[in-house]
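Undergrad: My questions will all concern the structure given below.
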Amino acid sequence: MKDSEILNSLMKELDVTGNSFSLKLGYKSPASIYGVLNRGESISPGMINRIMLKYPNVNELYLKTGSSPILLEKEEEIGQSNLMGRKPSMNMLWALMLDMSEKMEVMEQKLDEILAKKNSETNN
């Protein structure tokens, strides 16, 4: 997969234009983005770093090879951040905490059901 295809697919997934994407990445002009999209330039390590800092849920392997999913799930995102030596974002951690809280509630309900069944069997 060409770098232009990789970047174009990513921008579609993120629902951004070349101009807005370049601004979000901190470029003064969209020349770097359009260089990859229109002139066959490569996605530089610096551009990958900017993308990963702004969008930590983007799969770095996708940016480098075009394989694997474009965006990662929360757990994969944290794993990638740890592997790359980056701190997970507060939004990422908050989302993971909420997800864990919901899972804990389900587990507590199931445990209560098991205990109630056990108690009723013991009383009979």
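The values are calculated or read from the model by the stated rules, or taken from the named source; none is laboratory data. For clarity, every value in this text was computed on a predicted model and none was experimentally measured. Because the Cβ atoms are built from the backbone with ideal geometry, glycine has one as well, and the counts that use them run over all protein chains shown.
Undergrad: Based on this model, can you work out whether ARG50 counts as in the same structural domain as LEU72 (by TED's automatic domain parsing) and touching a Leu at 6+ places or on another chain (Cβ under 6 Å)?
TA: yes
Undergrad: Can you find, within the stretch 1-42, the residue that is nearest to SER67 (Cα to Cα) among those that are basic (Lys, Arg) and assigned to a helix (DSSP H, G or I)?
TA: Only one residue fits best here, namely LYS12.
Undergrad: Among the residues of the stretch 43-54, count how many are within 13 Å of LYS64 (Cβ to Cβ) and surrounded by 13 or more Cβ atoms within 10 Å (Cβ to Cβ).
TA: Residues meeting the conditions: 7.
Undergrad: Just to be sure before I move on: is GLU113 closer than 18 Å to MET11 by Cβ and modelled with pLDDT of 85 or more in the structure I sent?
TA: For GLU113, the condition - closer than 18 Å to MET11 by Cβ and modelled with pLDDT of 85 or more - is not met.
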